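Since every read-out is calculated from the coordinates, none of them should be taken as a lab result. Since we're looking at a predicted model, the values are computed, not measured. All Cβ positions, even for glycine, are placed from backbone atoms using ideal geometry, and neighbour counts span all protein chains on display.
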RNA sequence: GCCCCCUUGGCGGAAUGGUAGACGCUGAAGACUUAAAAUCUUUUGCCUUCGGGCGUGCCGGUUCGAGUCCGGCAGGGGGCACCA
């Protein structure tokens, strides 16, 4: 018998699949469709073992569904715009385009040997002109529909690199590349009106039955709906009332001052007249916009001198302060502060010596607030000091509703809903992104390009030797004609956030060469994505943006109503981790060792010279820690099937799996063993015998268990059942024919996970055609029924004995047998049991 | 600070409220071999006076029966965070 050579077998089957075009998705009205999609990769340069796990999971589903008779769409593409390409160009010359497409070629070359069932004819990169041109068309339609608009917004600005930075690019208040102090700058930018759909996006989460509850919860929190009261404070000077929003209107009697954001119209108006106010506003705007920067920032306030009247008592005047912690884009940009029941307000009041008024106390303790605000949960009952709506003891929730009712009845305020979700700023002052298809005309203002002028292509002749956006200093590209007046105009030089690219690619895969963003016939057939698979890190932004885009595409006629929730089912897979091997160098710095340098003995690791290394298990793979597993090396050593089998085994798919050399080795040995068993089966000539039925029964049980496991995304369980059945088959004395049937079924059940080995065995055992085209085996219910079963007997809930009985033995017979059991007789010691519980087919419990 | 999740042998993990530890790794013993590799077989939660006893982070509850359900605590992880 020959050894199973993966380096020969795997390419052989890949060529055969290609030649037969088995993975090309075809619209077939006579068959149900199934669309499985893994989040497409960023072409960073090389694939990662985490990619292997991600795509293998999708492949298992895709191949399984093919065998179940579905017309399957399983595409792949590249999320190809973004900063790393520009950074590479800045660091080592070259062009982002060349860098990106070269990376794509390398990564495609690394992915193909995995034998994934991908329809490569649909491949595209988001930096393909064909793709981003359609994205521009989509943008224009959204502009038309009022879903895109321009407004001023505060951004992190790096004055050295002359660019806007994302929050995660600000480290310690400094730009991550330049090290320059980051400024907050107000720029006019483009926004998607995602918050206009906040309620809809929140409500629809309830229907996402096959999404992880965790992701749904994260999105709910992100959208952040709250209910509160909006009302106006009348100004003593007779100016327009100051509108405030509060979720705790019940604490109105604890009001200490009215606060407005530095960006509030009143503050801005004052700044124009009063240099002191202007200076304060400038001071208050310092620092980054990151959570960290915000947390460290000290509370700053400026007393405007304005006074407003308390709505419940016209004689009570409150001062109006400008405060740096009040956000302009949440609520009305103005608040009333209740320091007794809000820590932030309290800090501010203590600093500026403003009054602190308790409005309620705990039921047990009426100590006035000192340094710590009293903030009970809204469901906790508290005692009110003097509540205007007449409450004495009530929860916060009750008091809030009572106050809103009271204010509405009195006509000075109304209950409103607010969302935390902000509009999505999409402008990026970058080159390597989709150009925003508008021009700036001196006469007509901001004018959208005409669709017939699309695509607006990025110019190729750019350089990155000077900081800033190359599009800004490319006059030939910037110069444009105004589509409205025909006069000279300038192109918008901002490009789109790369999250835009990934917000609709799933729809584009249904018709990747269409001359419109989508093709309705194709979209109607293929959408929605039946199973989407990707990392939990995209739980909020990418998935929320995609949900928004699907709705926007429906509004603009690019998707049907039925596709407005684009992903029917979502699965978030865990990472592949690997131990880090660390020693401490002479200089006291950690030294990281490659796994090949470390010898493992009894759970400890040693270098060649005998030095013991620290083992940090289950660490995220990182080049700097020398613990990256390279898929290409694994495939070269063991083959793709081993890599696929390993990443599916051991750990549940949603959890991290640790790559270990011994585990990979074990997977390899197992697959070799399956091949040996199959070769054995192929040669056997033993006659049919009594063992046949038992083997076939085990086979049907395995069919049922593996099918269930794959359906339930429990790939590790499917692998475990296949191990078990392999052992059963190997030990079985069944006749040649039964063994052939069992082994062919084993190949079928393994085929989604180890497709090459499965094809080879299928062919060896005279299976017809490709195993991937063979109909998925069905478990025969008659074969799942066991004639005799082992029934455990518990005495007082502890297992003490067991009965071997016929499966359908009547209950009273079981009782008799149980009471006659040696262990039971001994325990009863002549007495009678207090209770006897018989659960048919499951258990007997004797209570003494 | 607010919200959420997790905790089972040496390790990864399995168990519709019904035999805890499937399956794999690691370790041990043995077979084959001149030897090694490869392969195969047996074994591997803890304690034990060999009768059995104890065991799913800790404390309590519901139940005939709890890893699973409920309450509290501890540890670990994640999300959000001047959101009024």
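What is the ratio of the Cα radius of gyration of the range A:207-263 to 2.2 N^0.38 Å, where N is its residue count, to two decimals?
1.76
Inverting the pair-averaged 1/r between distinct Cα atoms of the range A:683-781 gives 13.6 Å as its Kirkwood hydrodynamic radius.
Could you rank the peptides A:59-66, A:701-708, A:401-408, A:412-419 by their average count of other C-beta atoms within 10 Å per residue, with the highest value first? Before the final figure, lay out the partial values.
Details: A:59-66: 25.2, A:701-708: 20.8, A:401-408: 18.9, A:412-419: 15.9.
Packing order, densest peptide first, comes out as A:59-66, A:701-708, A:401-408, A:412-419.
For the range A:489-644, the C-alpha radius of gyration divided by 2.2 N^0.38 Å, with N the number of residues, is 1.58. Can you tell me what share of the DSSP beta bridges in chain A is antiparallel? A percent to the nearest 5 is fine. Bridges in chain A that DSSP calls antiparallel: roughly 80 percent. Return a whole-number percent for the relative contact order of the range A:683-781, with Cα pairs under 8 Å and 6 or more residues apart as the contact set. This gives 32 percent for the range A:683-781.
Taking neighbour counts of Cβ atoms within 10 Å as a proxy for exposure, in what order, fewest first, do A:16, A:582 appear? Could you put the intermediate results ahead of the total?
Working: A:16 13, A:582 18.
Listing A:16, A:582 from fewest to most nearby Cβ atoms yields A:16, A:582.
Quick one: Debye curve from the C-alpha atoms of chain A, no solvent, what's log10 I(q)/I(0) at q = 0.07 Å⁻¹? Debye output, listed in q order: -0.77. For the range A:225-419, the gyration tensor built on C-alpha atoms gives a prolate shape. Its axis ratio a/c (a ≥ b ≥ c) is at least 1.5, and a/b is the larger of a/b and b/c. When only alpha carbons are used to place a centre, the range A:86-151 and the range A:218-288 end up 42 Å from one another.
Sorted from fewest to most neighbouring beta carbons within 10 Å, what does the list A:679, A:624 look like? Mind showing how you got there, number by number?
Values: A:679 17, A:624 7.
Fewest to most other Cβ atoms nearby, the residues stand as A:624, A:679.
Can you grab the distance from the C-alpha centre of the range A:620-678 to the C-alpha centre of the range A:791-815, Å, no decimals? Spelled out, the Cα-based centre of one part sits 43 Å from the other.
Starting from the Cα gyration tensor of the range A:90-237, take the square roots of the eigenvalues, sort them a ≥ b ≥ c, and report rounded, prolate or oblate (rounded when a/c is under 1.5, otherwise prolate if a/b is larger than b/c, else oblate). It comes out oblate by the Cα gyration axes. The order of A:44, A:261, going from fewest to most other C-beta atoms within 10 Å of their C-beta, is A:44, A:261.
Using a ≥ b ≥ c from the Cα gyration tensor of the range A:99-141 (square roots of the eigenvalues), is it rounded, prolate or oblate, where a/c under 1.5 gives rounded and otherwise the larger of a/b and b/c decides, a/b for prolate? Please report the intermediate quantities before stating the final value.
Working: a/c = 4.65, a/b = 1.98, b/c = 2.35.
Oblate is the answer for the range A:99-141, as a/c is 1.5 or above yet b/c matches or exceeds a/b.
Entry note, chain A: the mean residue ellipticity at 222 nm calculated from DSSP H runs of n ≥ 4, each adding -39500 (n - 2.57), is -11000 deg cm²/dmol after division by the residues and rounding to the nearest 500.
Over the Cα atoms of the range A:698-848, each weighted equally, I'd like the Debye log10 I(q)/I(0) at q = 0.14, 0.17, 0.19 Å⁻¹, rounded to two decimals. Listed by q, the Debye log ratios stand at -0.77, -0.92, -1.04.
Can you tell me, using C-alpha contacts under 8 Å and at least 6 residues apart, the relative contact order of chain A as a whole percent?
Details: 1541 pairs, mean separation 109.6, N = 848.
Worked out over chain A, it gives 13 percent.
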